[in-house]
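Data first, discussion second: the structure below is written as structure tokens.
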Ligand SMILES: [Zn+2]
Ligand SMILES: [Zn+2]
């Protein structure tokens with residue numbers, strides 16, 4: 001498997017062979033907020049519903065980094081742990 005396109009990657013927890021490619025910044029999103037290509041394909045209802053909030057993962061990271069910066073206390077969620085590790 002090649003790893004040339006990016007310096008880091010987070011694998012999808014639903015599809016362990018696939019890198020996360022997009023993230024959803026919709027505030028009330030109750031679906032997966034980080035998605036691989038397979039998630040995007042299989043969860044079309046979410047993709048439609050939040051299409052304006054689903055960003056390429058690099059843009060999503062920057063958005064989340066800004067959000068983490070605003071937090072006084074570390075958030076222990078899966079997402080923040082993973083994203084904080086790659087910033
Ligand atoms: Zn969403
Ligand atoms: Zn997936």
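Condition check: at pLDDT below 90, within 16 Å of ligand 2 (Cβ to nearest atom), touching a strand residue (DSSP E or B) at 6+ places or on another chain (Cβ under 9 Å) and part of a loop (DSSP other than H, G, I, E, B). Does residue 31 satisfy that?
yes
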| message | Can you list residue pairs whose Cβ atoms sit under 6 Å apart, with the first residue in region 43-54 being surrounded by 10 or more Cβ atoms within 10 Å (Cβ to Cβ) and the second being part of a helix (DSSP H, G or I)? Count only pairs 6 or more apart in sequence or on different chains. | response | 47/40
| field | Any chance residue 22 is at pLDDT 90 or above, part of a loop (DSSP other than H, G, I, E, B) and within 12 Å of ligand 2 (Cβ to nearest atom) | value | no
| remark: Restricting region 24-42 to residues that are surrounded by 17 or more Cβ atoms within 10 Å (Cβ to Cβ) and over 12 Å from residue 14 (Cβ atoms), the one nearest to ligand 1 (Cβ to nearest atom) turns out to be 24
| query | Which of (1) part of a helix (DSSP H, G or I); (2) surrounded by 15 or more Cβ atoms within 10 Å (Cβ to Cβ); (3) modelled with pLDDT of 90 or more does residue 64 not meet, given it meets every other one? | reply | (3)
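The values are calculated or read from the model by the stated rules, or taken from the named source; none is laboratory data. Only a predicted model underlies this, so the values are computations on that prediction, with no experimental measurement involved. All Cβ positions, even for glycine, are placed from backbone atoms using ideal geometry, and neighbour counts span all protein chains on display.
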